[in-house]
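Asker: Just dropping this structure here.
Every number in this text was worked out from the coordinates using simple rules, so none of it is lab data. What you see is a predicted model, and the numbers here were worked out from it, not measured in a lab. Note: ideal-geometry Cβ built from the backbone for every residue, glycine included; neighbour counts use all protein chains shown.
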Amino acid sequence: MAKQNPSEQLDLIVDVIRGGRGTAPRSGDKKLAALAEVASNLRDLPRADFRARLRSGLERRTTMATSAKAAPEVRATATPYLSVRGAAEAIEFYKRAFGATEVTRLVQPDGRIGHAEINIDGAKIMLADEFPEIGFSSPESLGGSPVHIHLDVSDVDALARRAVAAGATVVRPVEDQFYGDRSGQFRDPFGYTWAISTHKETLTTEEMQHRIDEMSRKQSDAAAPESRKYIREGFRSITPYLVIPKAAELIDFMKTAFGAEEHFRIARPGGDVIMHAEVKIGDSMIELAEANSQFPPTPAAMVLHVSDVDTVYSRAVEAGATPFQPVADHDYGSRGGTVKDISGNSWHISKPASGNSIFEGFRSVTPYLNPLRAPVMIEFLQKAFGAEEVYRAQSPDGVVHHAQVRIGDSLIGMGDAHGPYLPMPCTLHLYVPDANATYERALRAGATSIQPVADQPYGDRSGGVTDPFGNRWFIATHIQNAPAAG
Amino acid sequence: MKALKKGPDERLLIEAAQKAPARFAELYDGNFERVYAYVARRVQNRSDAEDLTAEVFHQALAKIAQFEWRGVPFSAWLYRIAANAIAARWQRAARERGSPVADDPPDSRARVNPEEVERTAQLFRLVKTLPDDQRRVIEMRFAEEKSTHEIARELHRTDGSIKQLQFRALTNLRAQFRTKAKKKASAKPSRKSGGRNG
């Protein structure tokens with residue numbers, strides 16, 4: 001074999017190494033042998049482009065992982081984009097009315113503003129002239145805008161004054177809103193409505209809902225004032241009248257446990273024995289009086305609606321009530337528990353599950369009766385007081401588990417007596433349009449008289465009966481507002 | 001493994017990658033040659049080596065959060081992932097062949113020597129430090145498996161000059177390789193390395 005130069009020889013060796021998977025061929029030359037060893041180690045040399053491709057593949061994945069992780073930190077923004085007829089005028093108006101600053105303005109060859117951005121105290125608003133040819137139409141073309149712009153500012157009153165001075169019209173004046181803001185609505189000359197608002201009071205959704213409910217009740221109460229004249233102001237058709245021992249202590253208990261407000265109290269002269277008192281829990285009035293020999297105790301069972309059952313239950317127990325049935329979720333759609341207070345009243349503290357509770361329509365306090373046979377009592381209430389049965393859950397054996405009747409504007413709940421829930425005859429104060437007529441009807445339906453109807457010094461005309469089940473009813477018609485009750 | 005640069009640096013890199021996956025690239029850069037060398041020794045062809053190397057790094061990236069530092073080099077963890085991936089591939093291949101019992105991979109008994117893998121990886125890294133024309137020839141000749149003649153045509157050179165570049169490149173690699181090996185073998189700084197031939 002002809003003598004080759006070392007690079008030729010090495011190249012042949014490399015061919016052999018690359019071709020076979022074996023070791024480097026032997027070579028007499030020590031240096032060539034060493035280079036062959038290096039070459040055989042390079043047999044598996046990775047391709048540079050593979051290394052780079054894999055690296056970028058991994059990077060794509062890590063970027064995706066990183067951006068997915070970082071996503072929650074990215075705050076999405078929604079920016080109103082206003083189409084206006086006369087964008088240039090609108091920008092000037094927003095400057096005067098809201099103290100806006102102009103950020104961007106791009107003008108089309110035809111002079112129309114194709115895009116503009118303004119800033120109102122940090123809030124970004126985009127706007128442009130209308131381009132009806134591409135469906136970008138202004139409120140003036142469309143006859144109004146269904147979208148309001150809610151603008152949160154530090155001083156709603158000041159900004160409202162400024163906006164009106166600049167030419168905005170008042171849609172709703174600035175006032176405190178039930179949801180904790182002070183706000184008003186204003187329409188700008190370009191057809192957009194701005195709800196300008198300053199946050200005043202932080203409320204939970206539940207509290208806001210409660211306020212809405214309150215408002216709609218007040219509105220419906222106010223809706224028919226003429227027809228409600230027979231009911232003393234602040235009362236409804238039915239009010240529980242707790243004739244009980246320890247009336248004064250009970251008032252304190254209701255204040256502590258249920259947040260009751262005392263509205264009225266008259267004590268026996270020379271003592272603190274309560275002859276008559278009125279307290280309000282939530283939206284419901286409760287009357288009470290110390291029991292005596294003429295009027296023996298008639299503690300009542302009531303359903304108390306609260307938003308936080310567990311808290312109120314523990315507060316009641318801390319305030320001295322006896323646990324009767326611990327708080328639990330009930331299959332009839334509410335979470336509730338029962339306590340007995342120091343005067344013997346039973347309170348079923350409950351939070352209705354929205355929608356399908358059996359206590360639907362109940363006020364803060366609703367009387368609950370456990371007669372031996374509910375249908376018999378319902379029949380009496382229909383005959384005597386014109387009650388309307390609105391709900392009855394009855395099993396095939398005839399047991400009424402729950403029923404509800406309405407008298408006037410009030411509900412009474414009831415269920416056949418069972419287990420620990422024994423009949424508990426109570427006293428109820430009933431306002432009717434004609435106390436005389438109702439008193440007579442009640443007697444005809446089987447009630448017995450306690451006292452005939454007569455005008456009372458506190459502005460009511462009233463009488464009393466005991467129904468066949470032992471409940472006492474004070475049947476009243478409000479005649480006039482007494483100058484001083486009592 | 002004593003020859004490897006381990007310890008706090010690698011630990012910091014791992015922790016960084018666990019916090020920010022984008023930092024995984026640094027671990028990849030530091031370990032690619034190792035994993036590739038490990039895998040390539042145990043499979044028959046280049047495409048398997050590439051598939052498995054990719055699989056190892058994708059798995060490592062997916063599991064990086066689970067890696068717990070116990071003083072064991074990161075590469076040991078990668079080798080374990082690689083060994084499992086190779087075994088799984090072998091069993092799958094066996095099933096596809098219709099063999100009811102999955103054989104062991106042919107070279108699984110011949111354990112890969114980590115020292116050898118490390119030396120090979122070292123060599124792969126050294127290729128990147130060669131002068132451009134030498135590096136290009138080595139990559140084309142070995143990684144792209146081209147003949148001297150093909151390379152000459154592509155680079156518009158003569159066959160002889162490609163062979164010369166190959167010779168110089170391998171000589172360089174050998175010189176550096178020996179120097180590095182010596183440096184690592186003795187704790188003391190080595191004598192000046194052998195001169196480059198050409």
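Asker: Please order A:Ser40, A:Ser462 by the number of other Cβ within 10 Å, starting at the fewest.
Answerer: A:Ser40, A:Ser462
Asker: Tally Lys/Arg at +1 and Asp/Glu at -1 over every other residue whose Cβ is under 10 Å from the Cβ of B:Ala82; what's the total?
Answerer: The answer is +2.
Asker: As a check on your grasp of the helix formula, calculate [θ] at 222 nm for chain A: sum -39500 (n - 2.57) over DSSP H runs of n ≥ 4, divide by the residue count, round to the nearest 500.
Answerer: -9000 deg cm²/dmol
Asker: If you bin every alpha carbon distance in the range A:101-233 into 10 Å steps from zero, what whole percent lands in each bin?
Answerer: Per 10 Å bin, starting at 0, the Cα pair percentages come out as 10, 27, 28, 19, 9, 4, 1, 0.
Asker: Roughly how tilted is helix A:87-98, in degrees to the nearest 10 and between 0 and 90, from the longest Cα axis of chain A?
Answerer: Approximately 50 degrees, to the nearest ten.
Asker: Arranged by the count of other C-beta atoms within 10 angstrom, fewest first, what order do A:Trp473, B:Trp69, A:Trp194, B:Trp90 take?
Answerer: With the sparsest Cβ surroundings first, the list reads B:Trp69, B:Trp90, A:Trp194, A:Trp473.
Asker: Hey, if you put +1 on the Cβ of every Lys and Arg and -1 on every Asp and Glu Cβ in chain A, which of A:Pro367, A:Ser216, A:Val317 ends up farthest toward the positive end of that dipole?
Answerer: Value: A:Val317.
Asker: Let me ask you something else. Quick one: A:Met285, A:Met208, fewest Cβ neighbours within 10 Å first, how do they rank?
Answerer: A:Met208, A:Met285
Asker: Only bridges with both residues in the protein assembly as shown count here: give the DSSP antiparallel percent, nearest 5.
Answerer: Given both bridge residues lie in the protein assembly as shown, the antiparallel proportion sits at roughly 75 percent.
Asker: Figure the gain on full extension for B:His58 and B:Ala88 (residue separation times 0.36 nm, minus the Cα-Cα span) and round it to one decimal in nm.
Answerer: 9.3 nm
Asker: A further question on this structure: At 7 Å along the Cα-to-beta-carbon direction for both A:Thr322 and A:Ser56, put a label point, then send me their distance in nm to one decimal.
Answerer: 8.3 nm
Asker: For A:Ile149 and A:His263, calculate 0.36 nm times their separation in residues minus their Cα-Cα distance, and state this gained length in nm to one decimal.
Answerer: 36.7 nm
Asker: Further, regarding this structure: Would you work out if the protein assembly as shown is rounded, prolate or oblate? Take a ≥ b ≥ c from the square roots of the eigenvalues of the alpha-carbon gyration tensor; rounded if a/c is under 1.5, else prolate when a/b is larger than b/c, oblate otherwise.
Answerer: prolate
Asker: Right, something else. Could you tell me which of the pairs A:Lys200/A:Lys340; B:Lys19/B:Lys128; A:Lys218/A:Lys246; A:Lys31/B:Lys163; A:Lys218/A:Lys383; A:Lys200/A:Lys229 are separated by over 28 angstrom between their Cα atoms in the structure shown?
Answerer: In this structure, A:Lys200/A:Lys340; B:Lys19/B:Lys128; A:Lys218/A:Lys246; A:Lys218/A:Lys383; A:Lys200/A:Lys229 lie more than 28 Å apart at Cα.
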